[in-house]
Amino acid sequence: MKKLLLMFGIVAALMTGCKKSVSAVEGEWKILYFEIDGVAQEICSATLNVERSGLSRFAINGNSGVNNYFGTAKIKGNSFAVSDNLASTKMAGEPKAMEFEDNFMEAFAGSTEIEFSEENGTVLMTMKNREGSSKITFIRN
């Protein structure tokens, strides 16, 4: 009986941990830090809004510096994958802002992992690609 209760306790704790990680991503975020190949990128502005639309499916949208983007992502635990349906508006902007946007969208769409941290009581979310060559850190808005 004790082993059965212990097993249920462990399973409940694991399930709670997964829910916490996935539900933590929901909400409004703004970019705080962006790096490619270990080099900090000059940030224009970017936002990310995440809303649950299924068990591990989320609607995503935001602004990538000049244009608005929208689509869906699959998030399960710390695994992150933008679906192929990611699209954006097609407005032109200043060359510096367009370069930032191109780099941001490529890094964002290629992200495969998310992790959460806390700094001075503020929640941070960092997205990385498989190789670890890009890192985008968002702060809860």
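The values are calculated or read from the model by the stated rules, or taken from the named source; none is laboratory data. Quantities reported herein were computed from a predicted structural model and do not represent experimental measurements. Backbone-built Cβ (ideal geometry, glycine too); neighbour counts: all protein chains shown. Accessible surface is based on the protein model in full, side chains and every heavy atom, while ligands, DNA and RNA are left aside. Shrake-Rupley method; radii C 1.70, N 1.55, O 1.52, S 1.80 Å.
Tabulated results
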{"item": "Residue pairs meeting the criteria (Cβ under 9 Å; at least 6 apart or on separate chains; first under 19 Å from Glu26 (Cα atoms), in the stretch 77-92; second at pLDDT 95 or above and not in a strand (DSSP E or B))", "result": "Val82/Phe108; Val82/Ala109; Val82/Gly110; Leu86/Met105; Leu86/Phe108; Leu86/Ala109"}
{"item": "Check on Gly132, buried (at least 17 other Cβ atoms within 10 Å of the Cβ) and not in a strand (DSSP E or B)", "result": "no"}
{"item": "Restricting the stretch 86-111 to residues that are in a loop (DSSP other than H, G, I, E, B) and open to solvent by less than 80 Å² (accessible area, probe 1.4 Å), the residue that is farthest from Arg130 (Cα to Cα)", "result": "Gly93"}
{"item": "Residue that is farthest from Val50 (Cα to Cα), among those in the stretch 67-82 that are open to solvent by less than 30 Å² (accessible area, probe 1.4 Å) and either assigned to a strand (DSSP E or B) or at pLDDT 95 or above (or both)", "result": "Asn67"}
{"item": "Contacts under 7 angstrom Cβ, first residue in the stretch 37-62 being closer than 14 Å to Asp102 by Cα, partner of a type in the set (Gly, Ala, Ser) and not in a loop (DSSP other than H, G, I, E, B), 6 or more apart", "result": "Cys44/Ala97; Ala46/Gly62"}
{"item": "Scan of the stretch 36-52 for residues that are at pLDDT 95 or above and either surrounded by fewer than 16 Cβ atoms within 10 Å (Cβ to Cβ) or hydrophobic (A, V, I, L, M, F, W, C) (or both), ordered by number", "result": "Ile36, Asp37, Gly38, Val39, Ala40, Ala46, Leu48, Val50, Glu51, Arg52"}
{"item": "Unique residue being among the β-branched types (Val, Ile, Thr) and within 22 Å of Ile139 (Cβ to Cβ) when the list is Thr72, Thr47", "result": "Thr47"}
